[in-house]
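Below: one structure, written as structure tokens.
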Amino acid sequence: MADISFLLLIFFLVTTSMDVNQGLARRLPPPPDPNQELEEKDINERNLLLVKINSANQLMVNGQLIDVRQLREKTREFILNEQDDEHLPKLVEEDFGAPIGTIMYTKDHVISVQNDVDTQYQAYLDVQNELVAAYNELREECAQKYFHKAFAELDEDQQKQVQKVYPQKISEAEP
């Protein structure tokens, strides 16, 4: 009887699927050297996209209330700065090598996400997903434009080249 129970238990454990918790795939930076002095870096206000989520899960981007569905387009507009707007990050000319060549891009842009202690986790995830989706879209467009392939189909060196054009700079500010 014990053998049958044990076999049934194993059968149900093997055939049952487990729900995976939601989470963010992030590579954390290495821990700082304890002897290293922390340097403060001043960021020009025009290079900073300030994204705040309050306790009511409302989203404010640079002082303007928006819906989370608008965040991706706002982020793309901020990173690209196609019109060379003086309120958006400064465009810098840099050579990325063949086949990209010399292009203008926003080298020093930073997206700062700040949330309230009472912000729901789902609202935080939605904001993070939209920000990452904006970067993914830009990288996909760059891969198609210069390599005529999807970003996932590029080799490692080509992916690094595209990631250098659109580096993901998302900063987590304290609540």
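Things to note:
- Any hit, the range 143-151, residues being within 30 Å of Gly63 (Cβ to Cβ) and open to solvent by 60 Å² or more (accessible area, probe 1.4 Å): no
- Tabulated pairs, the range 154-175, first touching a residue at least 12 places away in the same chain (Cβ under 8 Å) and part of a helix (DSSP H, G or I), second surrounded by 12 or more Cβ atoms within 10 Å (Cβ to Cβ) and among the hydroxyl-bearing types (Ser, Thr, Tyr), C-beta under 7 angstrom, 6+ apart or interchain: Val165/Tyr105
- Among the numbered conditions (1) farther than 17 Å from Val132 by Cα; (2) open to solvent by 40 Å² or more (accessible area, probe 1.4 Å); (3) not β-branched (Val, Ile, Thr), the only one that Gln114 does not meet is (1).
- Odd one out for Gly97, checked against (1) assigned to a strand (DSSP E or B); (2) surrounded by fewer than 16 Cβ atoms within 10 Å (Cβ to Cβ); (3) touching a residue at least 60 places away in the same chain (Cβ under 8 Å): (1)
- Leu71 being of a type in the set (A, V, I, L, M, F, W, C) and closer than 28 Å to Lys160 by Cα: yes
The values are calculated or read from the model by the stated rules, or taken from the named source; none is laboratory data. Remember, predicted model here, so these are calculated numbers, not experimental data. Don't worry about glycine lacking a Cβ; one is built from the backbone with ideal geometry, like all the others, and counts go over all protein chains shown. Quick note on the areas: whole protein, heavy atoms, side chains included, nothing else; ligands and nucleic acids left out. Shrake-Rupley method; radii C 1.70, N 1.55, O 1.52, S 1.80 Å.
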